[in-house]
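Visitor: I am attaching a structure below and will ask some questions about it afterwards.
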Amino acid sequence: MAAIEKADNIIVYCVGTSLIAAESARMRFYRVGEGMLIYNDPANQAVSSSLIGKNDLAIGISASGKTKPTVNSLKIAKSRGATTICVTSTKNSAITKHSDIKLITATKESSFFAESFVSRVVQLVVCDILYACFAVKNYDRSIGACRKVVWRY
């Protein structure tokens with residue numbers, strides 16, 4: 001939680017269906033006043049990670065832990081001094097080598113479902129847990145931000 005709280009910027013790197021978890025996290029954190037940028041295009045990931053600062057937080061989401069653009073983004077971000085977190089289902093994967101904080105999900109894909117179904121759901125749960133912990137720990141700030149939101153459709 002400290003990594004999220006102290007970060008000047010939170011940047012998430014992902015591709016494919018991991019974008020679903022990233023967008024969900026962005027929306028939730030945004031509601032409590034914590035901004036988040038998401039890069040799911042490899043070229044934009046390369047630029048972003050090259051320009052990241054030492055007070056920033058880079059989060060890589062990859063079920064396999066070997067998605068090249070995501071792994072490379074965390075590698076570059078770490079080399080630039082940013083704190084790095086990975087969310088992956090694979091404990092000893094490439095992404096974990098470049099992560100200060102490793103959030104390992106225990107998933108086993110079923111042959112009945114599409115490859116990413118189980119990992120996608122677990123990624124959402126992990127992001128929801130991070131959000132809930134942040135919102136509770138920063139309760140006054142979170143409630144204050146929620147109260148400012150004006151819902152008009």
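Each reported figure results from applying straightforward, stated rules to the coordinates on display, with no laboratory input. Because the structure is predicted, anything quoted here is derived from the model rather than measured. Cβ coordinates were reconstructed from backbone atoms using ideal geometry, including for glycine residues, and neighbour counts include every protein chain displayed.
Visitor: If you take every residue apart from A58 with its C-beta less than 13 Å away from the C-beta of A58, what net charge results, scoring Lys and Arg +1 and Asp and Glu -1? Walk me through the numbers before you get to the answer.
Guide: On the way: positive: K54, K75, K78, R80; negative: D8, D56, D100.
Every neighbour counted, the sum reads +1.
Visitor: Further question: Please compute, over every Cα-Cα pair in the chain, the percentage with a separation greater than 28 angstrom.
Guide: Values: 2115 of 11628 pairs.
In whole percent, the share of Cα-Cα pairs in the chain beyond 28 Å is 18.
Visitor: With a 10 Å cut-off between alpha carbons and a GNM built on the chain, which of I85, I129, I38 moves the most?
Guide: Judging by the Gaussian network model, the answer is I129.
Visitor: When a footprinting reagent is the concern and you count Cβ atoms within 10 Å, what order do S62, S50, S89 take, fewest first? Let's see the in-between values first.
Guide: Details: S62 28, S50 12, S89 19.
In order of increasing Cβ crowding within 10 Å: S50, S89, S62.
Visitor: Same structure, new question: Note down the nm distance, to one decimal, between modelled labels 7 Å out along Cα→Cβ at R80 and at Y30.
Guide: 2.2 nm
Visitor: At most 14 other Cβ atoms within 10 Å plus a DSSP loop assignment makes a site exposed; report the longest stretch of the chain without any exposed GluC sites (Glu not before Pro).
Guide: Values: sites that count: E109, E115.
In the chain, the maximal stretch lacking such sites is 1-108.
Visitor: Arrange T83, T105 by Cβ neighbour counts within 10 Å, fewest through most, would you?
Guide: Details: T83 21, T105 17.
Ranking T83, T105 by Cβ neighbours within 10 Å, fewest first, gives T105, T83.
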